[in-house]
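Just so it is clear, none of the values below were taken in a lab; they were calculated from the coordinates. None of the values given here were measured: they were computed from a predicted structure. Cβ placement follows ideal geometry from the backbone for every residue including glycine, while neighbour counts extend to all protein chains displayed.
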Amino acid sequence: MGQKGAETRDRLLDATQELIEAGGYFGAGLNQVIAASGAPRGSLYFHFPGGKDQLVGESVRRAGGMIGDALGGLAGSSPSVAEFVDGVLRHLGDRLEESGWRKGCPVATVALEMAATSDPLHEACSEVYASWQEALRARLAGRPDADDLAVTILALVEGALLLARAHRSRGPLDSVSRRIGALLT
């Protein structure tokens, strides 16, 4: 694929990510993706012959990778697990607030809407959550409860993002950060 093709593919994925984060799977219609990306309709089917589920699945994986990269950076620069999780919550809270409370988790809405009915989207969501859970587990290495604690922290973070978005307030993120800090000591 040439540079122009790669740029078109990236524009389609960027537009899809924006639309699914704001409105979920059903808020990212193909006509909306084409309009938001400025790409020709034929490019959509050329780059994503599997249709909307392929496009959304790749967008979820891509967004999940971006968040995963941020987790990796924070993991390396945080002296403690509690400070790492606090940094994650601050990063996600900044992202949410800067978007006007539209960008919560790039996976959650798709998981809630489609994971039960679409195997490709179930796989994409599961892979992203598993990678985030592994990043947390790796940071908790050496603790006998690392696996359970990674799941617990991820669930608390996801719930806090949902509540923060619903209330348009960082309060739930701050509360969860404090509770996770207490849980880890």
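Just a few scattered comments:
- Angle between the chain longest axis and helix 146-167 axis [Cα atoms, degrees, rounded to 10]: 60
- Stretch in the chain that is longest and holds no trypsin sites (Lys or Arg not before Pro) that DSSP places in a loop and that have at most 15 other beta carbons within 10 Å: 1-101
- FRET efficiency, 1/(1 + (r/R0)^6) with R0 41 Å, evaluated for Phe46 and Ala70 via beta carbons: 0.85
- Share of pairwise Cα separations in the range 53-184, more than 26 Å, in percent: 19
- Simple spin-label estimate for Leu184 and Ser80 in nanometres, 7 Å along Cα-Cβ: 0.8
- Counted residue by residue at 0.36 nm each, then reduced by the alpha carbon distance between them, the extension gain from Asp148 to Glu7 reaches 46.7 nm.
- 3J(HN,Hα) from dihedral phi, the range 12-20, Karplus parametrisation 6.51/-1.76/1.60, rounded to Hz, x for glycine, proline: 5, 5, 4, 4, 4, 4, 4, 5, 6
- Placing unit charges on the Cβ atoms only, positive for Lys and Arg and negative for Asp and Glu, gives the chain a dipole magnitude near 380 debye about its Cα centre.
- Each residue of the range 94-101 is assigned a 3J(HN,Hα), and the resulting list reads 4, 4, 5, 5, 4, 8, x, 6 Hz, derived from the Karplus form 6.51 cos²θ - 1.76 cosθ + 1.60 (θ = phi - 60°), x at Gly and Pro.
- Helix 52-77 and the long axis of the chain differ in direction by around 30°, with both axes built from C-alpha atoms.
- Options Thr8, Ser77, Leu183, ranked by Cα towards positive dipole end of the chain, top entry (Cβ charges): Thr8
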